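Trainee: Before I ask anything, here is the structure I am working with.
The values are calculated or read from the model by the stated rules, or taken from the named source; none is laboratory data. Quick caveat: nothing in here was measured; it's all calculated off a predicted structure. Here Cβ is always computed from backbone atoms with ideal geometry, including for glycine, and neighbour counts include all displayed protein chains.
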Amino acid sequence: ENGRCITKLENMGFRVGQGLIERFTKDTARFKDELDIMKFICKDFWTTVFKKQIDNLRTNHQGIYVLQDNKFRLLTQMSAGKQYLEHASKYLAFTCGLIRGGLSNLGIKSIVTAEVSSMPACKFQVMIQKL
Amino acid sequence: MAVSTIILFLQNYPLYIRSVPTENELKFHYMVHTSLDVVDEKISAMGKALVDQRELYLGLLYPTEDYKVYGYVTNSKVKFVMVVDSSNTALRDNEIRSMFRKLHNSYTDVMCNPFYNPGDRIQSRAFDGMVTSMMIQVC
């Protein structure tokens with residue numbers, strides 16, 4: 001039951017992400033490579049949606065990116081530590097879908113998951129699927 | 001001066017086809033399909049220097065008639081191809097660009113419609129209206 005809801009939220013985020021990316025990339029120059037696209041997501045996309053940038057982007061240069069947001073806007077009002085940790089996944093599902101939808105419209109298939117160890121910081125992990 | 005055909009492609013299958021219903025429509029469709037190859041070539045060759053969205057493709061001049069085929073690619077890999085018949089004078093570069101921008105804007109609106117599934121044929125009346133007005137204004 002919980003799983004189905006989370007999947008539904010993620011799918012909604014996916015569709016919204018596709019539309020948003022179309023609007024945001026209307027006037028930007030073409031992206032040179034995957035890293036360029038991820039940087040765009042971290043800076044422009046995140047700023048437009050959440051009014052701040054991603055604080056940290058790490059990659060292993062083999063298709064895995066970790067986006068870290070130390071003060072994720074959707075979690076700041078929830079708690080400032082470990083309280084309500086188990087409910088965080090519901091609020092992150094839509095955003096995971098958002099990232100996945102945006103990337104898919106730019107031609108990148110991926111799997112996005114999120115983890116929270118201590119609110120309001122959270123990490124989004126993007127696994128690029130090479131076809 | 002007439003825009004004969006406008007086609008939008010996503011990964012090489014058409015999302016939207018619109019032609020002025022004249023004779024030899026098939027010929028236009030064929031030309032557009034062949035020009036897709038050139039579009040792909042340009043995208044792959046363009047990696048470094050010109051980091052710009054739009055590209056103008058002038059070519060496919062037939063021995064008998066004059067046609068120009070223009071291409072435009074968005075960041076989401078949707079290709080717009082337009083066939084223009086240049087019997088009188090050539091449309092200025094700026095006009096072609098502004099037409100492509102209008103197309104892109106309308107396409108963005110279609111994308112944001114929650115009832116539209118990306119990859120389907122575009123059946124939006126607003127989009128049709130915009131394309132009609134563009135084709136009429138040019139003639």
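A quick yes/no check of all residues on (1) away from every other protein chain (no Cβ under 14 Å); (2) surrounded by fewer than 18 Cβ atoms within 10 Å (Cβ to Cβ); (3) outside any loop (DSSP other than H, G, I, E, B):
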position	(1), (2), (3)
B:S76	no, no, no
B:F80	no, no, yes
B:V84	yes, no, yes
B:I96	yes, no, yes
B:R101	no, yes, yes
B:D109	no, yes, yes
B:F115	no, yes, no
B:G129	yes, yes, yes
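Trainee: On to the next question. The conditions are (1) more than 14 Å from every other protein chain (Cβ to nearest Cβ); (2) modelled with pLDDT of 75 or more, and B:A90 fails exactly one of them. Which is it?
Mentor: (2)
Trainee: For the structure I just gave you, tell me whether A:F45 is within 14 Å of chain B (Cβ to nearest Cβ), of a type in the set (F, W, Y) and within 20 Å of A:M12 (Cβ to Cβ).
Mentor: Against the criterion (within 14 Å of chain B (Cβ to nearest Cβ), of a type in the set (F, W, Y) and within 20 Å of A:M12 (Cβ to Cβ)), A:F45 qualifies.
Trainee: What helices (runs of 4 or more DSSP H) completely inside the stretch A:1-105 contain at least 2 residues that are touching a Cys at 6+ places or on another chain (Cβ under 8 Å)?
Mentor: Of the helices (runs of 4 or more DSSP H) lying wholly inside the stretch A:1-105, those with at least 2 residues that are touching a Cys at 6+ places or on another chain (Cβ under 8 Å) span A:2-24, A:88-105.
Trainee: While we're on this one: For the stretch A:25-36, check the following and say yes or no: at least one residue is at pLDDT below 90 and crowded, with 20+ Cβ neighbours inside 10 Å.
Mentor: Within the stretch A:25-36, one or more residues are at pLDDT below 90 and crowded, with 20+ Cβ neighbours inside 10 Å.
Trainee: Could you tell me whether any residue of the stretch B:41-48 is of a type in the set (D, E), at pLDDT below 65 and farther than 17 Å from B:I6 by Cα?
Mentor: no
Trainee: Here is a further query. Being over 23 Å from A:R23 (Cβ atoms), in contact with a Ser or Thr (Cβ under 8 Å, 6 or more places away or on another chain), touching a residue at least 24 places away in the same chain (Cβ under 8 Å) and outside any loop (DSSP other than H, G, I, E, B) is the requirement here; does A:A114 meet it?
Mentor: yes
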